[in-house]
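Have a look at the structure below, then the notes.
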Amino acid sequence: MKKIPIIIDCDPGVDDSYALALANSHEGFEILAITAVEGNLPASVTRRNALCIREELGINCRIGYGAEMPLKKEYTRGAASVHGVSGVGTFVFDEPKLAPDEMPAWEIIYDEAVKHKGEMILFAVGPLTNIAICLEKHPDLPQLLKRFVIMGGGTFGNVSSTNKTAEFNIWVDPHAAKYVFEKMDVWMVGLNVTHAAAVEMTDFDEMVEICGNAKNARFIRELSTFSKKNCMETGADNNVIHDAVAIACVMDETVVGFEDHYVFVEDGDCDNIGQTVIDFEKKSGKAPNCHVAMKVDQKKFVNIIKDMCRHYAQK
Ligand code: BDR
Ligand code: CA
């Protein structure tokens, strides 16, 4: 079977880590590169985590360092409260031995897109700064991709009590996101589906059990333990692993259902900055530019995650 070449642009991050581990466990994917962007934590941390995850999971791919700051907005907030100060919960990586690529993230993305003309899937599960820079430098990027899938946006937000409409990744760099939505055919896996695919506390118990003491599963075991602890601390009986849903929707196309709509990103200096505004009623007269995730099969998703645990436990 011919593998699909993929790049994952990310800001690891606990759920980014699950996404990377999931993609690496799928035999239908070949990970060409992991590119890091500012987001959940400052770029210095997301870059190191990308380097370390490559070695921890034994992924043979390029690592690209990307943007340190959003295009125009200040970088005012990390999400260390959700992901831990290190970004990967309580896990402590071995010191990485390998260096990052000499090319910056956006050049790696373009370089691989050219090499794999029309075959490559680009995932972006952090703020869209690297993708906007790539597009600005290389306007033919969209035509070179097989598909462009993001975790971001959706029908509601998660940023703050004053901005209930924006999702974190889009909100961190709304100017980049606006530009990307204007230029690219986007498969948007947003909060409305990632929340509907939340993993139950008892599932995390099972994941820990599946991982057992296997050395190759130690990262996933620790992430699952951290996710369970998060559930208990917040009083919720489940935890959302957003970024992995974007990977799963390509691994099995029956997991997420999409509808085509016109979507724009609000980038003005207003309360809903970062909102992905979806023209559900087709009133704008504009042609759909986005495949909006609207349905998810939670059970299928959770099973995919458990299969990933089995993969690492048996490796
Ligand atoms: C998104 O924001 C980040 O905190 C997560 O990694 C995910 O990509 C969810 O809003
Ligand atoms: Ca992320």
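Assorted remarks:
- Sorting 144-155, 126-137, 104-115, 58-69 by their mean Cβ neighbour count within 10 Å, with the most densely packed peptide first, gives 126-137, 144-155, 104-115, 58-69.
- Three-way shape call for segment 121-206 based on the alpha-carbon gyration tensor, with the a/c threshold at 1.5: oblate
- Each 10 Å bin, from zero up to the one with the longest distance, holds this percent of the alpha carbon pairs of the chain: 6, 29, 39, 21, 4, 0.
- Sulfur and carbon atoms: percent of accessible area, the chain [1.4 Å]: 50 percent
- Mean Kyte hydropathy of -1.0 or more with a Cα span along the axis of at least 20 Å, helices from DSSP in the chain: 43-57, 218-234, 298-314
- Three-way shape label, segment 14-131, alpha-carbon gyration tensor, a/c 1.5: oblate
- Total formal charge among the other residues, if their Cβ is under 12 angstrom from that of Ala21, Lys/Arg +1 and Asp/Glu -1: -2
- Rounded Å value of the spacing that divides the Cα centres of segment 247-280 and segment 43-72: 25 Å
- Extreme residue, positive dipole direction of the chain, given options Ile304, Val189, Ser284 (C-beta unit charges): Ile304
- Alpha-carbon radius of gyration plus Dmax, which is the widest Cα pair, for segment 228-276 in Å: 16.1, 39
- As a length-normalised measure over Cα pairs under 8 Å and 6 or more apart, the relative contact order of the chain settles at 19 percent.
- Averaged per residue, the chain has 42 square angstrom of accessible surface, using a 1.4 angstrom probe with ligands and nucleic acids left out.
- Taking the helices alone, the chain has a mean residue ellipticity at 222 nm of -12000 deg cm²/dmol, built from -39,500 (n - 2.57) per DSSP H run of at least 4 residues and averaged over all its residues.
- Translational diffusion of segment 63-133, µm² s⁻¹ [Kirkwood Rh, Cα pairs; Stokes-Einstein; 10 °C; 1.306 mPa s]: 108 µm²/s
- Segment 166-222: radius of gyration over Cα atoms, expressed as a fraction of 2.2 N^0.38 Å: 1.70
- Between Val277 and Glu55, residue separation times 0.36 nm minus the direct Cα-Cα distance comes to 76.0 nm.
The values are calculated or read from the model by the stated rules, or taken from the named source; none is laboratory data. Model, not experiment: these values are computed from the prediction. As a convention, Cβ positions derive from the backbone with ideal geometry for all residues, glycine included, and neighbour counts pool all protein chains shown. To get the accessible areas, we keep the full protein, side chains included, count just its heavy atoms, and leave off ligands, DNA and RNA. Shrake-Rupley method; radii C 1.70, N 1.55, O 1.52, S 1.80 Å.
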